[in-house]
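The values are calculated or read from the model by the stated rules, or taken from the named source; none is laboratory data. Because the structure is a prediction, the values reported are computed rather than measured. In this analysis, Cβ positions are derived from the backbone assuming ideal geometry, glycine residues included, and neighbour counts consider all displayed protein chains.
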Amino acid sequence: MALLTLHRSPSVSTAPDESIPRRGRLQKRESFAVVKGAVLLLEEGEREGPAEETFPSHTPSPLKLGGGASETQHRHLQAMVSLLRPEDTIKLAVRLESVSSVRVRYLIVVSTLHNKQESLLLGMDFPEAESDQCTIGLVLPIWSATQVYLDGDGGFSVTTAEETRIFKPVSIQTMWSVLQALHGCCERALRGVVIPGSGLDWAQHYYNHVESDRLCLNEWGAMTGLESVRRDSSGQSSKERVSVERQIKEELRDIMRTEDLENITSKQVRSALETRLGMDMKNYKEYIDNEMMVTMAQMDKPSKIFDYLFLGSEWNAANFEELQKNNVGYILNVTREIDNFFPESFSYMNIRVYDVEATDLLSHWKDTYNFINTARLRGQSVLVHCKMGVSRSASTVVAYVMKHAHWPLEVALAYVKDRRPIVQPNDGFMKQLQTYSGILNARSVGSPECLPFPALQSAAPQCSLEKEVPGAEEDREAVVCRGGGGGRNGKSR
């Protein structure tokens, strides 16, 4: 995941609208998290201070690019933003599958400055991947009655009283992202009683600018066959089905722990399950899609290990509102490939490593313990994350729990897994945890007693913020530097 910033100015072709707040007609600075197939707006709250007026321009100013992100996605985002009214904002853009091997399609979620309860979906068409221009092919308002369903075939449908549209994102990760965004839009529309004739008047602007060609319009209006809707048990007994579903769930979690979710689709997951289980998964498509979303929910939500310690993913690190809600003041980023998204708002520590067995994590665990302990002593929470919160960050959290609670490895690992079931350190990290356990045991002679062993699937052990952590003097508090991003052990604020 990479970070980019886009500066937008009002179009010279758009006459000033006095009904638009002045802030909406000034230059806007928007930051986005970019992954393969998806672009997510980073919302860091309302910025204080007067906005500076700028001279009108036809297009957004150049992007500030984050390392590792796709240049193609940058161009596509800039092209899509250029079609929006100045007061409208892209909340999320996800790439969709296409029947054409050349054309590129995006579904974008758009909100407006006028009314936070209103949002709509736009379908964007690029004639080819390298194109820097796009057209609008679909406008779909989100009403109070709008509903979202999984279609059981790697996609989802958006249904209103008037129409149903079906979309298939290019990966599991992008499908999860857009489903989360859509459910939020539907909830806001319901609260705001957004109904036809009483809201979303601004959608007409986009209806008037639908300019995609007939082939693109046909694809936006396409429906899937009914076979993906009806479940056929093929004579299976309920007992047999439950047994198969149990096997599917076990294998599915293993696949999702080990595969890159930005590059794998629901169909590919189903194919992998068929290979592993040696049977046709056609009758289990709905179950598989639902279980994938359950697993994604576990990955997406940060797991509370202690009151002050959260374990999560890159998406949690990019969710400013969630970070504030959890009283997070410190973020430990255990990845080489993911940016620090809010360096002006949080204290960061970076362990720039990849999730491979040869990676040396053990040498960093003294520093990571100190960093987490600093947050604890200062009455704030810390988020420890890697890409998915499964291996690198999970191993680091297990190491912390072992030292903090004086628990043996098997107890600490079981406790963290109980809090986050998808945790699975790779074999190399498990060996390092075993080594670290031996080091801690050697140092434990004469140290205070351990915290009570946890009762799994129940409340966390009581770890008081006022209680001093047993250990050497150097473990009192980490030194947190202010400034730019970190290197191998770089720390920034």
Quiz item: Counting only residues that are at pLDDT below 90 and in contact with a helix residue (DSSP H, G or I) (Cβ under 8 Å, 6 or more places away or on another chain), which one in the stretch 130-162 is surrounded by the most Cβ atoms within 10 Å (Cβ to Cβ)?
Solution: Gly154
Exercise. Might you check whether a residue that is among the charged types (D, E, K, R), under 21 Å from Lys431 (Cβ atoms) and touching a strand residue (DSSP E or B) at 6+ places or on another chain (Cβ under 8 Å) occurs anywhere in the stretch 335-343?
Key: no
Exercise. Report the residue count in the stretch 258-279 for those that are among the charged types (D, E, K, R) and either out of contact with any helix residue (DSSP H, G or I) (no Cβ under 7 Å at 6 or more places or on another chain) or surrounded by fewer than 14 Cβ atoms within 10 Å (Cβ to Cβ) (or both).
Key: 4
Quiz prompt | So Met388, is it closer than 26 Å to Ser444 by Cα, in the same structural domain as Ala317 (by TED's automatic domain parsing) and either touching a Cys at 6+ places or on another chain (Cβ under 8 Å) or of a type outside the set (Asp, Glu) (or both) | solution = no
Practice problem: Within the stretch 273-283, identify whether any single residue is touching a residue at least 12 places away in the same chain (Cβ under 8 Å) and β-branched (Val, Ile, Thr), and answer yes or no. | Solution: no
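Taking the stretch 151-179 as the region of interest, how many residues are basic (Lys, Arg) and closer than 17 Å to Lys285 by Cα?
Residues of the stretch 151-179 that are basic (Lys, Arg), as a first pass: 165, 168.
Filter again for closer than 17 Å to Lys285 by Cα, leaving 168.
Number of matching residues: 1.
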Quiz prompt | Pair list, Cβ < 9 Å and 6+ apart or interchain, from the stretch 158-181 residues that are closer than 17 Å to Val294 by Cβ to residues that are at pLDDT 90 or above and assigned to a loop (DSSP other than H, G, I, E, B) | solution = Met175/Lys168
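Regarding Tyr415, is this residue under 16 Å from Val334 (Cβ atoms) and outside any loop (DSSP other than H, G, I, E, B)?
Values: under 16 Å from Val334 (Cβ atoms): no; outside any loop (DSSP other than H, G, I, E, B): yes.
Taking the combined requirement at face value, the residue does not satisfy it.
Pick out the one residue from Ser395, Ser363 that is within 26 Å of the chain's Cα centre (by Cα) and assigned to a helix (DSSP H, G or I). Steps first, please.
Working: Ser363 fails: within 26 Å of the chain's Cα centre (by Cα).
That would be Ser395, the only listed residue that is within 26 Å of the chain's Cα centre (by Cα) and assigned to a helix (DSSP H, G or I).
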Quiz item: Can you tell me how many residues in the stretch 279-330 are assigned to a loop (DSSP other than H, G, I, E, B), under 12 Å from the mean Cα position of the chain (by Cα) and among the polar types (S, T, N, Q)?
Solution: 2
Quiz item: Hey, among Leu413, Leu465, Leu377, Leu433, which residue is assigned by TED's automatic domain parsing to the domain that holds Leu332, touching an Asp or Glu at 6+ places or on another chain (Cβ under 9 Å) and at pLDDT 90 or above?
Solution: Leu377
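Any residue in the stretch 335-351 that is more than 28 Å from Ser31 (Cβ to Cβ), at pLDDT 95 or above and in the same structural domain as Tyr436 (by TED's automatic domain parsing)?
Taking the stretch 335-351 and keeping what is more than 28 Å from Ser31 (Cβ to Cβ), we get none.
No, the stretch 335-351 contains no residue that is more than 28 Å from Ser31 (Cβ to Cβ), at pLDDT 95 or above and in the same structural domain as Tyr436 (by TED's automatic domain parsing).
Can you tell which of Ser101, Ser131, Ser119 is without any contact (Cβ under 8 Å) to a residue 24 or more places away in the chain and polar (S, T, N, Q)?
Ser101
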Quiz item: Taking the stated definitions as given, is Ser212 at pLDDT below 90, more than 18 Å from Ala161 (Cα to Cα) and of a type outside the set (Val, Ile, Thr)?
Solution: no
Exercise. Considering each residue of the stretch 137-157, count those that are more than 27 Å from Ala33 (Cα to Cα) and free of Cβ contacts under 8 Å to residues at least 24 places away in the same chain, and give that number.
Key: 0
